[in-house]
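Undergrad: Sharing a structure here in structure tokens format.
Only the coordinates and a few stated rules stand behind these numbers; no lab work does. Bear in mind the structure is a predicted one, so any value in this text is a computation, not a measurement. Every residue, glycine among them, receives a Cβ derived from its backbone with ideal geometry; neighbour counts consider all protein chains shown.
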Amino acid sequence: MASKAVPADKINLRLILVSGKTKEFIFSPVDSAGDIAVHVYENWSEADWEAEAVSRAEILRLIYQGRFLHSSVTLGALGLPPGRTAVMHLVPRENLPEPNSHDQRQKSKGGSSSCCSASCSIL
């Protein structure tokens, strides 16, 4: 798929659904994940995604580099360079998942684990 010509002050966002279908949209660095979800929802038919239709914009979630984005996060805050294409996944999900407690323990230096007294395994 050929990318659109991206204006120097905009970001081309290629969104990928779970089904593997993709669509590109042009956004400003000041647009938030919530703004993007609303725009995509309002232009769902243009994306030719009728089979994956959702009931409302608020359940559309963006995933960037393996992390769910909160609705207030802007593209600029993610450090996405204007004039380029960025790729994100778009999934329907009512709520954001809780932060991974294992990741939180890995980030902290020292401190005790509140998980359990024995070592934990993630399968």
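Undergrad: Filter the GluC sites (Glu not before Pro) in region 17-99 to those in DSSP coil with at most 12 other Cβ atoms within 10 Å of their Cβ, and list the result.
TA: GLU94
Undergrad: Specify the inter-centroid distance of region 6-29 and region 66-89, based on alpha-carbon positions, in whole Å.
TA: Each part reduced to its Cα centre gives a spacing of 10 Å.
Undergrad: Same structure, new question: With unit charges on the beta carbons (Lys and Arg positive, Asp and Glu negative) and the dipole taken about the Cα centre of region 35-78, which residue among TRP44, SER72, ILE59 sits farthest to the positive side?
TA: Result: SER72.
Undergrad: Explain nothing, just the number: dipole magnitude of region 1-87 about its Cα centre with +1 on each Lys and Arg Cβ and -1 on each Asp and Glu Cβ, in debye rounded to the nearest 20.
TA: 340 debye
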